[in-house]
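Novice: The structure follows.
The values are calculated or read from the model by the stated rules, or taken from the named source; none is laboratory data. Bear in mind the structure is a predicted one, so any value in this text is a computation, not a measurement. Cβ placement follows ideal geometry from the backbone for every residue including glycine, while neighbour counts extend to all protein chains displayed.
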């Protein structure tokens, strides 16, 4: 990500250079902390009040550790915005979309869905991770430490207040008059609205390992390690309380590869029948019900 060196017709004070602020894609937590410290010092060298009252930033682009240009994936410009919000210590972030905010469900599938007035950071991240197209799954992370509010609004309906995302309290008090009677039946005696949104991820495969050896030492670690070594994206992992099986959900196009990786990792156990089966189930979907007040 770089702030443009020209002002794109906004005048001499229309933009500023960050001195090469370029976040690396998929940094570890420790490396990201170093990245924040290094680049915040660069940003602080710019006097925004006099040098750059308007800052134009290219969104969506980044680079790998090797310096190869890449992108921040779907809705990556959201992530760009919140990264720079943290760097410049902004008091708010507004993401302009073509919808009236974050909806209770996908309005293309559920015509009765309506905009959510307020979400917590964790709720927004969960909704994004499990398929809500309006947000980037990682976009909330830079705003959490400084509690920077994120507004999701409609560029075609700017008078509508949209959705505000802020805070991480253990329960969610609904303050929106927009919810009105639509969620009255959801309310508990405490006034908490337990469910904020329902979303889904299609084209999923399930891979399940079963057998007496599942509860043994390091089996779960080897299971996940085999998938990780092969670059498999694990969306959900669950293990039976009896420790007789372990299941992961993976993207459909990675299901066969996941099965092969696990067959190789547990070849000996399968041959000895200490693991009784390794199965792949295709054509599944994940349905996620999200809300901090559900517990």
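Novice: Only one residue in 127, 87 is surrounded by 18 or more Cβ atoms within 10 Å (Cβ to Cβ) and within 22 Å of residue 201 (Cβ to Cβ), so which one is that?
Specialist: Exactly one of 127, 87 is surrounded by 18 or more Cβ atoms within 10 Å (Cβ to Cβ) and within 22 Å of residue 201 (Cβ to Cβ), namely 127.
Novice: Evaluate the stretch 249-270: report whether one residue or more is at positive phi, touching a helix residue (DSSP H, G or I) at 6+ places or on another chain (Cβ under 8 Å) and surrounded by fewer than 16 Cβ atoms within 10 Å (Cβ to Cβ).
Specialist: No, the stretch 249-270 has no match at all.
Novice: Do we have any residue at all in the stretch 106-115 that's more than 13 Å from the chain's Cα centre (by Cα), farther than 22 Å from residue 288 by Cα and touching a residue at least 24 places away in the same chain (Cβ under 8 Å)? I'd like the intermediate steps shown before the answer.
Specialist: Residues of the stretch 106-115 more than 13 Å from the chain's Cα centre (by Cα): 106-115.
This time we only want the ones that are farther than 22 Å from residue 288 by Cα, so: none.
Taking every residue of the stretch 106-115 in turn, none turns out to be more than 13 Å from the chain's Cα centre (by Cα), farther than 22 Å from residue 288 by Cα and touching a residue at least 24 places away in the same chain (Cβ under 8 Å).
Novice: Now for a separate question. Among the listed residues 142, 137, identify the single one that is closer than 30 Å to residue 39 by Cα, crowded, with 19+ Cβ neighbours inside 10 Å and free of Cβ contacts under 8 Å to residues at least 40 places away in the same chain. Before you say what the answer is, go through the steps one by one.
Specialist: Working: 142 fails: free of Cβ contacts under 8 Å to residues at least 40 places away in the same chain.
Sole residue among the options that is closer than 30 Å to residue 39 by Cα, crowded, with 19+ Cβ neighbours inside 10 Å and free of Cβ contacts under 8 Å to residues at least 40 places away in the same chain: 137.
Novice: So, one more: Just to be sure, is residue 158 buried (at least 18 other Cβ atoms within 10 Å of the Cβ) and either over 25 Å from the mean Cα position of the chain (by Cα) or at pLDDT 90 or above (or both)?
Specialist: no
Novice: Pick out the one residue from 270, 259 that is outside the structural domain of residue 129 (by the TED database) and modelled with pLDDT of 95 or more.
Specialist: Working: 270 fails: modelled with pLDDT of 95 or more.
Result of the check over 270, 259: 259.
Novice: Of the conditions (1) in the same structural domain as residue 146 (by the TED database); (2) modelled with pLDDT under 75, residue 107 fails just one. Which one is it?
Specialist: Answer for residue 107: the failing condition is (2).
Novice: Can you name the number of the only condition in (1) farther than 24 Å from residue 149 by Cβ; (2) modelled with pLDDT under 80 that residue 70 fails?
Specialist: Going through (1) farther than 24 Å from residue 149 by Cβ; (2) modelled with pLDDT under 80 one by one, residue 70 breaks only (2).
To keep it simple, each residue is scored yes or no on (1) part of a strand (DSSP E or B); (2) modelled with pLDDT of 95 or more.
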{"site": "205", "(1), (2)": "yes, yes"}
{"site": "213", "(1), (2)": "no, no"}
{"site": "227", "(1), (2)": "no, yes"}
{"site": "255", "(1), (2)": "no, yes"}
{"site": "279", "(1), (2)": "yes, yes"}
{"site": "285", "(1), (2)": "yes, yes"}
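Novice: Here's another thing I want to ask about it. Restricting to the stretch 53-76, count the residues that are without any contact (Cβ under 8 Å) to a residue 40 or more places away in the chain and either surrounded by 16 or more Cβ atoms within 10 Å (Cβ to Cβ) or within 15 Å of residue 39 (Cβ to Cβ) (or both).
Specialist: Residues in the stretch 53-76 being without any contact (Cβ under 8 Å) to a residue 40 or more places away in the chain and either surrounded by 16 or more Cβ atoms within 10 Å (Cβ to Cβ) or within 15 Å of residue 39 (Cβ to Cβ) (or both): 1 in total.
Novice: Of all the residues that make up the stretch 257-277, how many are more than 27 Å from residue 125 (Cα to Cα) and in a helix (DSSP H, G or I)?
Specialist: Result for the stretch 257-277: 14.
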